[in-house]
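The values are calculated or read from the model by the stated rules, or taken from the named source; none is laboratory data. Not measured: the values here are computed from a predicted model. Methodologically, a virtual Cβ is constructed for each residue, glycine included, from the backbone with ideal geometry; neighbour enumeration extends over all protein chains shown. In case anyone asks, the SASA skips ligands and DNA or RNA and just uses the protein heavy atoms, side chains included. Shrake-Rupley method; radii C 1.70, N 1.55, O 1.52, S 1.80 Å.
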Amino acid sequence: MNRPPVTKYIKPKHIKDYPVGPSFRAGYLTSDNSGWRTVRPIIDQDLCIGCQQCYLCCPEGVIYPKEGKVDIDYDFCKGCGICGKICNHKAIQFIKENK
Ligand code: SF4
Ligand code: SF4
């Protein structure tokens with residue numbers, strides 16, 4: 001994956017330190033962005049045929065080709081379910097988070 005690096009947000013200590021424009025420098029993420037996901041897609045690599053339909057349809061761009069099949073960057077997957085709907089081979093199932 002070619003994502004911007006995650007960098008720590010340093011809270012300004014004084015009003016003078018607050019930026020006038022955007023709060024963060026461009027080109028960085030301030031945190032992983034999957035904290036509110038309630039379900040997690042799991043790819044069954046035996047059922048996956050590597051058609052990459054899920055890769056093309058993921059709105060977050062977090063599915064990526066890997067060794068002829070696909071994998072998911074869980075740090076940024078939102079659990080929207082689209083990949084599971086799009087897969088004609090039922091290779092993506094969802095489990096509840098924290099299970
Ligand atoms: S859509 Fe299904 S079969 Fe195709 S690459 Fe994704 S998981 Fe594999
Ligand atoms: S659940 Fe949504 S965000 Fe996560 S990999 Fe599937 S399509 Fe992408």
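Taken as a whole, the structure leaves LYS78 outside the set of residues that are of a type outside the set (Asp, Glu), within 14 Å of ligand 2 (Cβ to nearest atom) and open to solvent by 70 Å² or more (accessible area, probe 1.4 Å). Screening GLY35 on (1) touching a residue at least 12 places away in the same chain (Cβ under 8 Å); (2) surrounded by fewer than 15 Cβ atoms within 10 Å (Cβ to Cβ) shows it passes everything except condition (1). Restricting attention to the stretch 43-86, which residues are of a type in the set (Phe, Trp, Tyr) and either touching a residue at least 60 places away in the same chain (Cβ under 8 Å) or more than 10 Å from ligand 1 (Cβ to nearest atom) (or both)? Within the stretch 43-86, TYR64, TYR74, PHE76 qualify. Every listed requirement among (1) in a strand (DSSP E or B); (2) of a type outside the set (Lys, Arg); (3) within 13 Å of ligand 1 (Cβ to nearest atom) is met by ILE95 save one, (3).
Residues in the stretch 31-49 that are part of a loop (DSSP other than H, G, I, E, B), within 24 Å of PRO4 (Cα to Cα) and touching a strand residue (DSSP E or B) at 6+ places or on another chain (Cβ under 7 Å): SER31, ASP32. Within the stretch 55-92, the residues that satisfy the criterion of being farther than 23 Å from SER31 by Cα and part of a loop (DSSP other than H, G, I, E, B) are GLU67, GLY68, CYS87, ASN88, HIS89, LYS90, ALA91. It is to be established whether one or more residues within the stretch 7-22 are assigned to a loop (DSSP other than H, G, I, E, B), in contact with a Leu (Cβ under 9 Å, 6 or more places away or on another chain), away from ligand 2 (no atom under 16 Å from the Cβ) and modelled with pLDDT under 95. Yes, some residue in the stretch 7-22 is assigned to a loop (DSSP other than H, G, I, E, B), in contact with a Leu (Cβ under 9 Å, 6 or more places away or on another chain), away from ligand 2 (no atom under 16 Å from the Cβ) and modelled with pLDDT under 95. Filtering GLU60, GLU97 for residues that are out of contact with any strand residue (DSSP E or B) (no Cβ under 7 Å at 6 or more places or on another chain) and charged (D, E, K, R) leaves a single hit, GLU60. Only one of the numbered conditions (1) closer than 30 Å to THR7 by Cβ; (2) more than 17 Å from the chain's Cα centre (by Cα) is not met by LYS90, and that is (1).
Of the set (1) within 30 Å of ILE10 (Cβ to Cβ); (2) among the aliphatic types (A, V, I, L, M); (3) surrounded by fewer than 17 Cβ atoms within 10 Å (Cβ to Cβ), all apply to ILE86 but (1).
For the stretch 90-99, name all the residues that are open to solvent by less than 80 Å² (accessible area, probe 1.4 Å) and either out of contact with any helix residue (DSSP H, G or I) (no Cβ under 7 Å at 6 or more places or on another chain) or free of Cβ contacts under 8 Å to residues at least 12 places away in the same chain (or both). Passing the criteria: ALA91, ILE95, GLU97.
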